[in-house]
Amino acid sequence: MGSQARRPRWAVVGLVAYVTAVAVVVFAPVSYGDLIAAFTRWLHDGVGLASFGAGWVEFVANVLLFIPLGLLLTVLMRHHVWGAALALALSIAVELVQVLIPERSPSLRDVLANGLGAAAGAAIAWLFVLRRGGRDRPHDGR
């Protein structure tokens, strides 16, 4: 069997679930900006974090949104650099497509946040999934 058979099924299922969840958020009748504004109001009024503005909420949301993508792509591609690079390329593509959507605008800040999230996800995958898999294999007779 090739390396394709060794890819964990949970990563494929996770990627499908992730893409579905992102599609729901992207295509929901509620605007992304409204979600960010509501969460920011909650931080200000409910938690008392008045200094944490909408720009930071959006930045952190973008980082968190791309952690699972970086992790899952890294597990599936079996290499931390390729997983993070593909996630970053997808981020750039999403930002470029936003030129065509009237309510959205592309942002280098979003690409930075997405890239940080993808890199964090790739690092988590490398540290806790890929490296562990290497240690679980039997030694070559030493």
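Just so it is clear, none of the values below were taken in a lab; they were calculated from the coordinates. Note that the structure is a prediction, hence the values are computed from the model and not measured. Cβ coordinates were reconstructed from backbone atoms using ideal geometry, including for glycine residues, and neighbour counts include every protein chain displayed.
Looking at the chain as a GNM with Cα springs under 10 Å, which of Trp82, Trp42, Trp126 has the largest mean-square fluctuation?
Of Trp82, Trp42, Trp126, the Gaussian network model singles out Trp42 as fluctuating most.
Considering only Leu116, Leu96, Leu65, give the residue with the highest GNM mean-square fluctuation for the chain, with springs between Cα atoms whenever their separation is below 10 Å.
Leu96
Hey, what do the phi angles of region 32-46 turn into as Karplus ³J(HN,Hα) couplings, whole Hz, using 6.51/-1.76/1.60 and θ = phi - 60°, x for Gly and Pro?
4, x, 5, 5, 4, 5, 5, 5, 5, 4, 4, 4, 6, 7, x
If we count every other residue with Cβ under 14 angstrom of Leu72's Cβ, Lys/Arg +1 and Asp/Glu -1, where does the sum land?
Values: positive: Arg7, Arg9, Arg78; negative: none.
So the surrounding residues net to +3.
What net charge is computed for the residues neighbouring Glu95, neighbours being all others with C-beta under 14 Å from the C-beta of Glu95, Lys and Arg scored +1, Asp and Glu -1?
Working: positive: Arg104, Arg109; negative: Glu58, Asp110.
Net of charged neighbours comes to 0.
Determine the sum of side-chain charges near Trp126: Lys and Arg each +1, Asp and Glu each -1, restricted to other residues whose C-beta is under 12 angstrom from that of Trp126. Mind showing how you got there, number by number?
On the way: positive: Arg78, Arg131, Arg132; negative: none.
It works out to a net charge of +3.
Between Trp42 and Leu64, take the C-beta separation as r, use R0 = 22 Å, and let me know the FRET efficiency to the nearest 0.05. Walk me through the numbers on the way to the answer.
On the way: r = 16 Å, r/R0 = 0.73.
Efficiency, from the Cβ-Cβ distance: 0.85.
Convert each backbone phi in region 114-119 into a coupling constant with the Karplus relation 6.51 cos²θ - 1.76 cosθ + 1.60 (shift: θ = phi - 60°), then list the ³J(HN,Hα) values in order as whole Hz, x for Gly and Pro.
Residue by residue, region 114-119 yields 5, x, 5, x, 5, 5 Hz.
Could you identify which residue out of Arg109, Arg131, Arg78 has the top mean-square fluctuation in a GNM of the chain using Cα springs shorter than 10 Å?
Per the Cα network of the chain with a 10 Å cutoff, Arg131 tops the list.
Of His80, Val57, Ala120, which is farthest towards the positive pole of the chain's charge dipole, taken about the Cα centre with +1 and -1 on the beta-carbons of Lys, Arg and Asp, Glu respectively?
It is His80.
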